[in-house]
Amino acid sequence: MKFIPVIGLEVHAQLKTKSKIFCGCSTRFGAEPNAHTCPVCLGMPGVLPVLNRKVVDDTIMMGLATNCRIAPESIFARKNYFYPDLPKGYQISQYEAPICENGWVNISVDGQSRRIGITRIHMEEDAGKLVHEGALDSSRASFVDLNRACVPLMEIVSEPDIRSPEEARAYMQTLRDIVVYLGVCDGNLEEGSLRCDANISVMPEGSDTFGTRAEIKNMNSFRFLQQALEYEIDRQIDLIDSGGQVVQETRLFDSDKGVTVSMRGKEEAHDYRYFPEPDLVPIRIDEDWINQIKDQLPELRNEKMRRYVGEMGIPEYDAEVITSDRETAVFFEETVAAGADAKKASNWVMGEYARLIKEKGHDAAKITPSQLAAIIGLVEANTISGSAAKQVFDEVFTTGKDPKTVLDEKGLAQVSDVGAIEEEVQKILVASPDQVKQYKEGNEKILGYFVGQVMKASGGKANPKVVNEILRRLLAD
Ligand SMILES: [Zn+2]
């Protein structure tokens, strides 16, 4: 029997707000343990949470970018459970009335586009972190760090529309592109800014009844997500084929061994005893508020790619590479706006620019888009050769100096002076009687030898086009 996987993802995105969701504490990463805490995020009795408006703004923006309906009224709910990193004994989340519902995104796998439904997006607070002394099973002490407690999260829950591990990966990547382009989350999976749980079951081909699902928790890389799902699909099919039954449970992916292992029985919603949060009023969002956010919606990656190919005429491959990072896309667009040809700008951005960014990081880049446009202009005007342009680019990239100044300082200007080049060519021809003879006997290829000699004699500065013309003319005499 052939089986079809049915996958739904729950993605947690940590919002990039300066302060926490219900108090004024900083959200900055990497501080001393418990440095960013106050009575509210420590869960002291008698304190009251105050909602951070920016969290609502960011979530509305995400909802609009993923075609959701923004609820005119939504409420917070208490999700009750005990864990040492959760001092209140409950998490403030949203349950019955989330802020965004019924959206979708398009994903693309192997050139095929598919629409994945988004059930809901809601706001909630993160929990703290436990730090164990040594290995977990032999640890004699555990420490609690509550810097992360009360940091705002957005949970994006998909419909069970995903049908393969590749689609799950593409969906996760699409969501990452969106949050990064919106500027609401840094999209850093390794630091946990974007985390993913997957619900997965298999059903016989042709059936429309979903099988029993398992949940795989906390996958923090695109590769692990795909590997975990591939393993879990095989595991469930083998189990059913050998007469067994999939049980509803929560599993963990062991990335070293490449397997999922059972962690605990899956909780049901009623285990959490959700009830409306009595300390917070309902959130009412009117059309004005939504329109205000709509006006701030930036162009997303898909839209940028379509525009680059359609309006600027650059290849799809280039558009994909350039837009993989928002800062690079902005740099490219501004270079074109400064007057550079789009394809030439794209070659520079994907080549030298990307190479140096990778080597030295975005912060090291001192070059401005108009400086790159100027360098491209210098090559077009034959003022410098392509290789000299790369030297100028390197220098401008790290120093931010004016390209023409660098050109003068390094003496890289290309020599197009016909008289000077002709003198050099004549010297070479006189010094190479054998090669001249071969050329006159019809060996056209020997021309490359002469060009090479002239370029060498000029220190690479002679304009190769002019050199070629003069050589052909003199050799024809
Ligand atoms: Zn606090």
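The values are calculated or read from the model by the stated rules, or taken from the named source; none is laboratory data. Only a predicted model underlies this, so the values are computations on that prediction, with no experimental measurement involved. Cβ placement follows ideal geometry from the backbone for every residue including glycine, while neighbour counts extend to all protein chains displayed. Ligands, DNA and RNA are excluded from the accessible area calculation, which covers all protein heavy atoms including side chains. Shrake-Rupley method; radii C 1.70, N 1.55, O 1.52, S 1.80 Å.
Quick grid of which residues meet (1) more than 19 Å from V179 (Cβ to Cβ); (2) open to solvent by 30 Å² or more (accessible area, probe 1.4 Å):
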| residue | (1), (2) |
| --- | --- |
| P45 | yes, yes |
| D57 | no, yes |
| M61 | no, no |
| Y83 | yes, yes |
| I92 | yes, no |
| W104 | no, yes |
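For D417, indicate whether it is under 22 Å from N382 (Cβ atoms) and open to solvent by 70 Å² or more (accessible area, probe 1.4 Å). Spelling it out, D417 is indeed under 22 Å from N382 (Cβ atoms) and open to solvent by 70 Å² or more (accessible area, probe 1.4 Å). Of all residues in the stretch 354-376, those that are over 18 Å from D318 (Cβ atoms) have Cβ atoms under 6 Å from Cβ atoms of residues that are surrounded by 20 or more Cβ atoms within 10 Å (Cβ to Cβ) and aliphatic (A, V, I, L, M), 6 or more apart or on another chain, in I367/V396; Q371/V396; I375/A389; I375/V392.
Checking each residue in the stretch 5-26 for being within 15 Å of the ligand (Cβ to nearest atom) and open to solvent by less than 30 Å² (accessible area, probe 1.4 Å) picks out T17, K20, I21, F22, C23, C25. Could you tell me whether the stretch 170-186 includes any residue that is closer than 24 Å to Y231 by Cα, in contact with a strand residue (DSSP E or B) (Cβ under 9 Å, 6 or more places away or on another chain) and of a type in the set (F, W, Y)? Yes: one or more hits. Taking (1) surrounded by fewer than 18 Cβ atoms within 10 Å (Cβ to Cβ); (2) among the basic types (K, R); (3) at pLDDT 95 or above; (4) away from the ligand (no atom under 16 Å from the Cβ) in turn, K2 satisfies each apart from (3).
Taken together, the criteria exclude R120 from residues that are modelled with pLDDT under 90 and either open to solvent by less than 70 Å² (accessible area, probe 1.4 Å) or away from the ligand (no atom under 16 Å from the Cβ) (or both). Note on the stretch 29-67: among residues that are assigned to a loop (DSSP other than H, G, I, E, B), under 22 Å from the mean Cα position of the chain (by Cα) and under 30 Å from N102 (Cβ atoms), the one that is nearest to the ligand (Cβ to nearest atom) is T66. Considering (1) within 24 Å of G117 (Cβ to Cβ); (2) open to solvent by less than 70 Å² (accessible area, probe 1.4 Å), the lone condition that R69 does not fulfil carries the number (2).
Return a yes/no flag: does the stretch 152-163 have any residue that is within 16 Å of the ligand (Cβ to nearest atom) and closer than 29 Å to E299 by Cα. Yes, some residue in the stretch 152-163 is within 16 Å of the ligand (Cβ to nearest atom) and closer than 29 Å to E299 by Cα. Which one is nearest to L407 (Cα to Cα) among residues in the stretch 352-378 that are open to solvent by 50 Å² or more (accessible area, probe 1.4 Å) and in a helix (DSSP H, G or I)? Taking the candidates together, the pick is S370. For the stretch 279-335, the helices (runs of 4 or more DSSP H) that sit wholly inside it and include 3 or more residues that are at pLDDT 95 or above are 287-296. Please go through the stretch 240-260 and pick out each residue that is farther than 15 Å from D197 by Cα, loosely packed, with under 14 Cβ neighbours inside 10 Å and either touching a Leu at 6+ places or on another chain (Cβ under 7 Å) or not β-branched (V, I, T) (or both). The answer is D241, S242, G243, G244, Q245, D256, K257, G258.
If you go through the stretch 428-477 and keep only what is among the polar types (S, T, N, Q) and open to solvent by less than 40 Å² (accessible area, probe 1.4 Å), you end up with S432, S458, N463.
Residues in the stretch 379-392 that are of a type in the set (V, I, T) and either without any contact (Cβ under 8 Å) to a residue 24 or more places away in the chain or assigned to a helix (DSSP H, G or I) (or both): V379, V392. Restricting the search to strands (runs of 3 or more DSSP E) fully inside the stretch 128-173 and requiring at least 1 residues that are under 21 Å from the mean Cα position of the chain (by Cα) and modelled with pLDDT of 95 or more gives 152-158.
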